[in-house]
Structures are given as C-alpha cells and as structure tokens.
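Take a look at the structure below.
Just so it is clear, none of the values below were taken in a lab; they were calculated from the coordinates. The shown structure was predicted, so the numbers you read here are calculated from the model rather than taken from an experiment. Here Cβ is always computed from backbone atoms with ideal geometry, including for glycine, and neighbour counts include all displayed protein chains.
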Amino acid sequence: MAVTPFQAIYSVNLSSAFPGFYTPDLGPAGGTAVGHQISASAVKVHRIRVDNSANAAITILELHNLASLTVGTAIPPHEISVPASEANFVIEFPAVNGLTFATALSIVAVTARGGTTAPGAAVPCEVTTKA
C-alpha cells in the first residue's frame, strides 16, 4: 500500500523549510493583527502546532475559509484558544478527513475573539495540510 505524503506543512514566519512547510509569524506583535494565507484553494488541516511561549495571555488562532482575509471583518468557522506561555501547543485532526476548508485557508492570531489586536509577541505556528 502506497503512503501518500502530506502535501503541506505551513508554519507562520513566511519561510519554507521544505515543500509544504510554511511558517507564518503571526504578528506584528502588539499591533493590528495580519491575516496569512495558507492555501488559495480547498484544503484539509491535519495538525496545528503553536508556540505562544512569549505571550503571558491566551492567544486566539482564527481559521478562516477565505483566500484573502481582512482581520475583524469575517466570523471564523474555527477558533483555537492557545494557552498563555505555552511553548508547544498541538492539536491534531483525524488523519482521513482532517478539518476541511472548501474554499481556501487563511489564519490570524488575535488577543480576543472577534478582535483585531495581535498578541504582544510573535506566535510561531505550523499548519500541516493536504489537498
């Protein structure tokens, strides 16, 4: 049986370590939050790893079914609360189906639900996806 590799692992620093590894650095720190496009087309998320160790408060990671995101103008279908000061927060979704985004995927880190303020420090994030 052939194993199909995951198509993408995205991290938030906007640097590619290998195909499908995207690291957006969710910031700018303390300013207005900025959305980051992970995929411009339909995608399934299988794993998210977040480093919120530089922030003494909870960070909300919003996952949007949009290719382009203006922060604060859309209600995200999924939100993940990342504990304060957590260095290795990991959430995994079922390997077969994943968390499906039918249109596209953009993410943003904010300090409050529905907010537009970025966390006080950068929030490195890795998102593992498959088309």
* Cubic angstrom per residue, convex hull over Cα atoms of segment 37-131 -> 79 Å³
* Cut-off 12 Å, label 7 Å out along Cα→Cβ of His78, residues of segment 104-128 by amide N -> 104-107, 127-128
* To do: Would you please give the FRET efficiency between Thr116 and Ala40, computed as 1/(1 + (r/R0)^6) with r the Cβ-Cβ distance and R0 = 25 Å, to the nearest 0.05?
  => 0.60
* Asked: Given the Cα-Cα distance of Arg49 and Ala95 and 0.36 nm per residue of separation, how much length would full extension add, in nm?
  -> 15.0 nm
* To do: Starting from the amide H of His78, placed 1.01 Å from N in the peptide plane, find each other amide H under 5 Å away whose residue is 5 or more places distant or on another chain.
  => Leu63
* Asked: Cα centroid distance between segment 99-123 and segment 59-79, in Å?
  -> 5 Å
* Structure fact -> Residues whose modelled amide H sits under 5 Å from the amide H of Asn55, counting only those 5 or more places away in sequence or on another chain, are Ser85
